[in-house]
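Take a look at the structure set out below.
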Amino acid sequence: MPERRFDRAYYDRFYRDPGTRVASGEDTDKLATFVVAYLRFLGLEPDTVLDLGCGLGTWRDALARIAPDAAYTGVEVSEYLCAEYGWEQGSVVDYRAEEEFDLVICQGVLQYVDDVDAAVENLADLCQGALFLEVLTRQDWEQNCDRRRTDGNVHLRTAAYYRRRLRPHFVNAGGGVFVSRRTGLSLFELESLD
């Protein structure tokens, strides 16, 4: 992922400008509320959160309201955003930490990554609880997204492509939530999409 691609103009277009942004902070609030509530229902309290590709920090802001005691770590590949917001610089492929996290967020990142296998392995190493994953797929591009607000200069892969890579490490719990197999958590049959 060339870091220079993710400059001020990129974030102004896809994140800041209400006329062209893909989502708002309110959208993230709703999503974060769902994810945290679902994890709590499953018995997984997100005390430590890693946001890989944290962008403008909308997850940090939402979690400050929903799970105020959670320790949040924001990681971003963009030199511009690291300078602007003080994020740790790194990518989903190469970021390493001394600890594992209860919740790892990877929203809108994997479609930019060349080596998805390395990224998924790293996500599995970093995650001791659950992964929230959102990635633009080929079908999403063709049928679901607003192309005026979505960056199409990405790798368009199938959902099956991602599921095959995630399955050895995670149980698909629906809604973009993937529970690490290392938790030993048993999901009822209809809670799991595997």
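Looking across segment 45-76, just one residue is assigned to a helix (DSSP H, G or I), in contact with a strand residue (DSSP E or B) (Cβ under 6 Å, 6 or more places away or on another chain) and of a type in the set (D, E, K, R), and that is R60. Annotation: of all residues in segment 99-121 being under 13 Å from the mean Cα position of the chain (by Cα) and assigned to a helix (DSSP H, G or I), the one that is farthest from R163 (Cα to Cα) is Y112.
If you filter segment 164-194 down to residues that are of a type in the set (S, T, Y) and outside any strand (DSSP E or B), you find that the one that is farthest from L44 (Cα to Cα) is S192. Among the residues of segment 12-26 satisfying the criterion of being closer than 15 Å to T150 by Cα and assigned to a helix (DSSP H, G or I), which is modelled with the lowest pLDDT? Applying the filter and picking the extreme gives R16. Beta carbons closer than 6 Å, at least 6 apart along the sequence or on distinct chains, pair a first residue in segment 105-132 that is on the phi < 0 side of the Ramachandran plot with a second that is part of a strand (DSSP E or B) and charged (D, E, K, R) for I105/D51; Q107/E134; G129/D102.
Residues in segment 77-90 that are in contact with a strand residue (DSSP E or B) (Cβ under 9 Å, 6 or more places away or on another chain) and surrounded by fewer than 21 Cβ atoms within 10 Å (Cβ to Cβ): E79, C82, Y85, G86, E88, Q89, G90.
Has segment 71-79 got at least one residue that is free of Cβ contacts under 8 Å to residues at least 40 places away in the same chain and among the aliphatic types (A, V, I, L, M)? Looking through segment 71-79, at least one residue is free of Cβ contacts under 8 Å to residues at least 40 places away in the same chain and among the aliphatic types (A, V, I, L, M).
Cβ-Cβ distances below 9 Å connect the following pairs, each with a first residue in segment 36-59 that is in contact (Cβ under 8 Å) with a residue 60 or more places away in the chain and over 12 Å from F101 (Cα atoms), a second residue that is surrounded by 21 or more Cβ atoms within 10 Å (Cβ to Cβ) and aromatic (F, W, Y), and a separation of six or more residues or different chains: L39/F132.
The conditions of being surrounded by fewer than 21 Cβ atoms within 10 Å (Cβ to Cβ), at pLDDT below 85 and outside any strand (DSSP E or B) are not met by T33. With respect to R96, determine if the residue is among the basic types (K, R) and farther than 25 Å from Y161 by Cα. No; evaluated as a whole, the condition is false for this residue.
Given the structure, is R138 over 23 Å from T73 (Cα atoms), of a type outside the set (S, T, Y) and without any contact (Cβ under 8 Å) to a residue 60 or more places away in the chain? The answer is yes for R138. Summed over segment 135-161, the residues that are surrounded by 18 or more Cβ atoms within 10 Å (Cβ to Cβ) and outside any loop (DSSP other than H, G, I, E, B) give a count of 1.
Scanning segment 1-10 for residues that are modelled with pLDDT under 75 and in a helix (DSSP H, G or I) yields E3, R4. Just one of (1) modelled with pLDDT of 95 or more; (2) more than 17 Å from A130 (Cα to Cα); (3) over 13 Å from the mean Cα position of the chain (by Cα) fails for V75. It is (3).
The values are calculated or read from the model by the stated rules, or taken from the named source; none is laboratory data. It should be emphasised that the depicted structure is a prediction, and the values quoted were computed from it without experimental measurement. No Cβ is skipped: glycine too gets one built from the backbone with ideal geometry, and neighbour counts run over all protein chains shown.
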